[in-house]
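The values are calculated or read from the model by the stated rules, or taken from the named source; none is laboratory data. Owing to the predicted nature of the structure, the values given are computational and were not obtained by experimental measurement. Quick reminder, even Gly has a Cβ in these numbers, built from the backbone with ideal geometry, and neighbours come from all protein chains shown. Calculation scope for accessible area: heavy atoms of the full protein, side chains included, ligands and nucleic acids excluded. Shrake-Rupley method; radii C 1.70, N 1.55, O 1.52, S 1.80 Å.
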Amino acid sequence: GAPGPAGRFDVSTNTVRENTRSCPETDEAPAFSGVGIGLLGATGVEISGNHILGNVASGPTEFEGGVVVVSSPIDETPPTDNSVFGNVILNNEPDIFWDETGSGNTFVGNDCETSDPEGLCEG
């Protein structure tokens with residue numbers, strides 16, 4: 001987020017489940033709901049060894065998913081050099097969502113079933 005991307009930290013060995021809360025749109029951010037772990041314009045973040053289960057939107061949302069990797073909705077900073085690996089990401093809608101912006105983002109060895117775009121899960 002502004003003024004510059006958040007990053008250079010690890011998110012590991014957590015259980016993130018059943019987030020269905022809905023946050024309304026504000027002057028500073030769009031509406032969102034059903035996000036397990038969100039990387040919005042983040043850089044150098046490692047997400048590993050987590051159980052991310054059942055995060056589903058209950059209201060209007062700009063994006064949703066167990067793991068969400070997108071450009072910042074505030075200043076359009078793209079996500080860069082983030083790693084999502086070795087997680088169990090199931091029963092989310094979708095399990096992984098990436099807006100395909102930024103560079104150096106990797107998704108490897110995750111046990112998940114649905115992704116947008118397709119092909120980010122290894123089952």
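Observations
- Filtering the range 1-60 to residues that are modelled with pLDDT of 95 or more, β-branched (Val, Ile, Thr) and in a loop (DSSP other than H, G, I, E, B) leaves THR13, VAL45, VAL56.
- Considering VAL56, VAL68, VAL45, the condition of being under 13 Å from the mean Cα position of the chain (by Cα) and more than 18 Å from CYS121 (Cβ to Cβ) is satisfied by VAL45 alone.
- Checking each residue in the range 75-90 for being under 13 Å from SER12 (Cβ atoms) and out of contact with any Ser or Thr (no Cβ under 6 Å at 6 or more places or on another chain) picks out VAL84, ASN87, VAL88.
- Residue in the range 38-60 that is open to solvent by 40 Å² or more (accessible area, probe 1.4 Å), touching a Leu at 6+ places or on another chain (Cβ under 9 Å) and in contact (Cβ under 8 Å) with a residue 60 or more places away in the chain present: no
- Qualifying residue in the range 30-40 (condition: among the β-branched types (Val, Ile, Thr) and touching a strand residue (DSSP E or B) at 6+ places or on another chain (Cβ under 9 Å)): yes
- ILE74 being of a type in the set (Val, Ile, Thr), out of contact with any helix residue (DSSP H, G or I) (no Cβ under 7 Å at 6 or more places or on another chain), surrounded by 21 or more Cβ atoms within 10 Å (Cβ to Cβ) and under 22 Å from GLY7 (Cα atoms): no
- Members of the range 94-123 found to be at pLDDT below 95 and open to solvent by 60 Å² or more (accessible area, probe 1.4 Å), listed by number: GLU122, GLY123
- Of the listed requirements (1) in contact with a strand residue (DSSP E or B) (Cβ under 6 Å, 6 or more places away or on another chain); (2) farther than 21 Å from ALA6 by Cα; (3) part of a loop (DSSP other than H, G, I, E, B), GLU93 misses just one: (1).
- The set of residues in the range 66-123 being within 17 Å of GLY49 (Cα to Cα) and among the small types (Gly, Ala, Ser) consists of GLY66, SER83, GLY86, GLY109, GLY123.
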